[in-house]
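Reviewing the structure listed below.
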Amino acid sequence: IRVGWSTPPDTGGAGQTEPITSYRLVHFNGTANATVFEGVCAPCSLLVNFSAASAAYQVFWVWASNQVGMGQSAATAQNQAIAAPSSPPALNASVSWPRRVSLRWLPP
């Protein structure tokens, strides 16, 4: 799953902009939370690898920090896990030319 975000519109400064000093991305895999990323980037785009078989769904939270501390998390992002498709039914292979094979199958 690719998870991305950009700098929040309010970085916490009273009338001025306080720079973001870091972000924290936390991933819930259905059984436990794990911090996936802590660092500085804007905009951020991270590829998170996980086993789709490990949970029915995946949940992500992102927090931004400035020199005062960590803010509230962004809206929770959830992704419904999907299963890999089954093999194509009624697969048929035939030689159509020398060094060429044609494959045909029924839609699932």
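The values are calculated or read from the model by the stated rules, or taken from the named source; none is laboratory data. Bear in mind that the values here come from a model prediction, so they are computed numbers and not experimental data. When we count neighbours, we look across all protein chains shown, and the Cβ atoms used for this are built from the backbone with ideal geometry, even at glycine. Ligands, DNA and RNA are excluded from the accessible area calculation, which covers all protein heavy atoms including side chains. Shrake-Rupley method; radii C 1.70, N 1.55, O 1.52, S 1.80 Å.
Checked against (1) open to solvent by 50 Å² or more (accessible area, probe 1.4 Å); (2) among the aromatic types (Phe, Trp, Tyr); (3) modelled with pLDDT of 85 or more, Phe50 meets all criteria but (3). Looking only at residues in the range 24-45 that are among the small types (Gly, Ala, Ser) and in contact with a strand residue (DSSP E or B) (Cβ under 7 Å, 6 or more places away or on another chain), the one that is modelled with the highest pLDDT is Gly39. Go through the residues of the range 6-23 one by one and say whether even a single one is modelled with pLDDT under 80, in a strand (DSSP E or B) and open to solvent by less than 70 Å² (accessible area, probe 1.4 Å). Scanning the range 6-23, I find no residue that is modelled with pLDDT under 80, in a strand (DSSP E or B) and open to solvent by less than 70 Å² (accessible area, probe 1.4 Å), so the answer is no.
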